[in-house]
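Chemist: The structure under discussion is supplied below as structure tokens; questions concerning it will follow.
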Amino acid sequence: MLKSSATRYLSVFLISLLLIPVLSGCDSKEKEIVISNDIREDIKVEEKEIETLKYKAQKYLEEDNFQEAKNLYDKVILMDKGNKELYLEIKDEYIKKNRFDDAYEIIKVAIDNKVDVEGMQQIAEDIKSNFEVVEYDYIVKQGEECIIPTEGVINVRGEDINVPIHWNNQQVDTSSKGTFKYEGVNEQYGRSFKLKVEVVYSPLTELEVRKITLQAKNALTDIIDCANFDSTTMIIEDGRSLAISNIYKSREEVFNALYDYYLDDAIYYFLDNYTLEKDGVFYIVYGQGGIGISILDDDLHVEQTETTFKAVYTKVISDEWTVTQEYNFIKYEDSWIRSDITLY
């Protein structure tokens, strides 16, 4: 058990042998015998001191005087820190008293001192199984930020302390619905942490619906706004007023202007029904677009699911006249785009 002590004294013995020839006034064989006896005697003294300290420490443990026991065990380790069996013996004494934190700590000291590192690491893992796993359950709305805790509270030797947590993933992706699990550790105290994040569907707020609707409406209004046309070019086709736009000169330009806000089918519907190419000239219906409704202020009724919503805006002009406009949208990747086009 005191192998390292014996090794240390053997080294002193060998060095002493090298010095024997230069010593005078004494036979070399007599000196060798004297030095050997001294080393053996020193080893016995240290062995006895270690056994005495261990005995006292065990008594302190029996009396639940854990701090005094720890102080003595620390002295023992300093005297023979390369002794694997010594760490295991102390660890077992702690476990008998359910002092798993102390047992884990003494094994960590063995690892730090490079004593059977692989074996001690496995023992440390076994001790960890006695610690309570700290668990967190979060519920966040889809798209909202979720911040993982960087510190956690654990109980060490009966006292609650804050310790840093190292997670296997530092960021939570809330772009999709679902339940996501993360694991964290604090190696200093051998603690494990688990985080479960449930990402739930988050309906759009009224303000978000109004802003999305307004963006789509403005994109279309910009195309048919009278201010952007040369009124002298106006023609009448199938009861519709069309003219040459000062901005949009082709189907492609109109398509690109609406692309971020409308489904392709809706855009093609608009192009086929509200634009005209005649004699090489491109005409657009103009002068409409929902006059009389304020998207930001007038009454709003919303029906929505996770992938669609219908926004109906209503304004009472008089007892006999109520203006209503309906806008339908679908979720496309991370954006909302309008699925229909209606000129009011």
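Chemist: Taking the stated definitions as given, is Val156 within 30 Å of Tyr182 (Cβ to Cβ), β-branched (Val, Ile, Thr) and touching a helix residue (DSSP H, G or I) at 6+ places or on another chain (Cβ under 8 Å)?
Modeler: When the stated conditions are applied, Val156 passes them.
Chemist: Can I ask one more? It is to be established whether one or more residues within region 334-343 are assigned to a loop (DSSP other than H, G, I, E, B) and among the aliphatic types (A, V, I, L, M).
Modeler: Yes, that holds for at least one residue.
Chemist: Going residue by residue through region 171-192, is there one that turns out to be modelled with pLDDT of 95 or more, touching a Leu at 6+ places or on another chain (Cβ under 7 Å) and part of a helix (DSSP H, G or I)?
Modeler: No, every residue in region 171-192 fails to be modelled with pLDDT of 95 or more, touching a Leu at 6+ places or on another chain (Cβ under 7 Å) and part of a helix (DSSP H, G or I).
Chemist: Within region 181-238, which residues are among the small types (Gly, Ala, Ser) and touching a His at 6+ places or on another chain (Cβ under 9 Å)?
Modeler: Within region 181-238, Gly184 is the sole residue that qualifies.
Chemist: Cβ-Cβ below 7 Å, separation at least six or inter-chain, first residue in region 211-231 and closer than 12 Å to Leu343 by Cα, second in a helix (DSSP H, G or I): which pairs?
Modeler: Between residues of region 211-231 that are closer than 12 Å to Leu343 by Cα and residues that are in a helix (DSSP H, G or I), the close pairs are Leu220/Leu258; Ile223/Val254; Ile223/Ala257.
Chemist: Just the residues that are outside any loop (DSSP other than H, G, I, E, B) and touching a residue at least 60 places away in the same chain (Cβ under 8 Å), please, taken from region 114-131. Walk me through how you get there before you give the answer.
Modeler: Quick first cut of region 114-131, residues outside any loop (DSSP other than H, G, I, E, B) only: 117-128.
Selection gives Ala124, Ile127, Lys128.
Chemist: What are the pairs, 6+ residues apart or on separate chains, where a residue within region 44-55 that is assigned by TED's automatic domain parsing to the domain that holds Met79 has its Cβ under 6 Å from a residue that is basic (Lys, Arg) and modelled with pLDDT of 85 or more?
Modeler: Leu53/Lys75
Chemist: Counting residues that are of a type in the set (A, V, I, L, M) and under 25 Å from Phe229 (Cα atoms), which strands (runs of 3 or more DSSP E) fully inside region 247-324 reach at least 1? Write out each step before concluding.
Modeler: Numbers: elements: 275-278, 281-285, 299-304, 308-318.
Fully inside region 247-324 and qualifying: 275-278, 281-285.
Chemist: From the list Arg210, Arg240, exactly one residue is farther than 30 Å from Val163 by Cβ, charged (D, E, K, R) and at pLDDT below 95. Which is it?
Modeler: Arg240
Chemist: Oh, and also: (1) without any contact (Cβ under 8 Å) to a residue 40 or more places away in the chain; (2) closer than 28 Å to Asp298 by Cβ; (3) surrounded by 12 or more Cβ atoms within 10 Å (Cβ to Cβ); (4) among the small types (Gly, Ala, Ser): which one isn't true of Ser250, the others all being true?
Modeler: Answer for Ser250: the failing condition is (2).
Chemist: I would also like to ask the following. Among Val153, Val163, Val140, Val109, which is the only one that is in contact with a strand residue (DSSP E or B) (Cβ under 9 Å, 6 or more places away or on another chain) and either under 30 Å from Ser335 (Cβ atoms) or part of a helix (DSSP H, G or I) (or both)?
Modeler: Val140
Chemist: Please state which one of Thr150, Thr174 is surrounded by fewer than 13 Cβ atoms within 10 Å (Cβ to Cβ), more than 22 Å from Lys108 (Cβ to Cβ) and not assigned by TED's automatic domain parsing to the domain that holds Arg99.
Modeler: Among Thr150, Thr174, only Thr150 is surrounded by fewer than 13 Cβ atoms within 10 Å (Cβ to Cβ), more than 22 Å from Lys108 (Cβ to Cβ) and not assigned by TED's automatic domain parsing to the domain that holds Arg99.
Chemist: With respect to Gly143, is the statement that it is at positive phi, touching a residue at least 40 places away in the same chain (Cβ under 8 Å) and not assigned by TED's automatic domain parsing to the domain that holds Tyr104 true?
Modeler: Numbers: at positive phi: yes; touching a residue at least 40 places away in the same chain (Cβ under 8 Å): yes; not assigned by TED's automatic domain parsing to the domain that holds Tyr104: yes.
Considered against the rule, which asks whether it is at positive phi, touching a residue at least 40 places away in the same chain (Cβ under 8 Å) and not assigned by TED's automatic domain parsing to the domain that holds Tyr104, Gly143 comes out as yes.
Chemist: Every residue in region 306-320 that is over 19 Å from Ala216 (Cα atoms) and exposed (fewer than 15 other Cβ atoms within 10 Å of the Cβ), please.
Modeler: Scanning region 306-320 gives Glu306, Val316, Ile317, Ser318, Asp319, Glu320.
Results for (1) under 17 Å from Asn130 (Cβ atoms); (2) outside the structural domain of Gln58 (by TED's automatic domain parsing); (3) of a type in the set (Lys, Arg), shown as yes or no for each residue.
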residue	(1), (2), (3)
Lys84	no, no, yes
Glu89	no, no, no
Phe100	yes, no, no
Lys108	yes, no, yes
Ile111	no, no, no
Lys114	no, no, yes
Gly119	no, no, no
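Chemist: Could you tell me whether region 61-72 includes any residue that is part of a loop (DSSP other than H, G, I, E, B) and within 30 Å of Phe180 (Cα to Cα)?
Modeler: no
Chemist: Let me ask something else. Within region 84-106, restricting attention to residues that are part of a loop (DSSP other than H, G, I, E, B) and in contact with an Asp or Glu (Cβ under 9 Å, 6 or more places away or on another chain), which residue is surrounded by the most Cβ atoms within 10 Å (Cβ to Cβ)?
Modeler: If we take residues in region 84-106 being part of a loop (DSSP other than H, G, I, E, B) and in contact with an Asp or Glu (Cβ under 9 Å, 6 or more places away or on another chain), then Arg99 is surrounded by the most Cβ atoms within 10 Å (Cβ to Cβ).
Chemist: Also, quick follow-up: Quick one: which residue in Tyr201, Tyr261 is modelled with pLDDT under 95 and under 30 Å from His301 (Cα atoms)?
Modeler: Result: Tyr201 is the single residue among Tyr201, Tyr261 that is modelled with pLDDT under 95 and under 30 Å from His301 (Cα atoms).
The values are calculated or read from the model by the stated rules, or taken from the named source; none is laboratory data. Everything numeric in this text was worked out from a predicted model, so none of it was measured. Ideal geometry is used to build each Cβ from the backbone, glycine not excepted, and the neighbour counts take in all protein chains shown.
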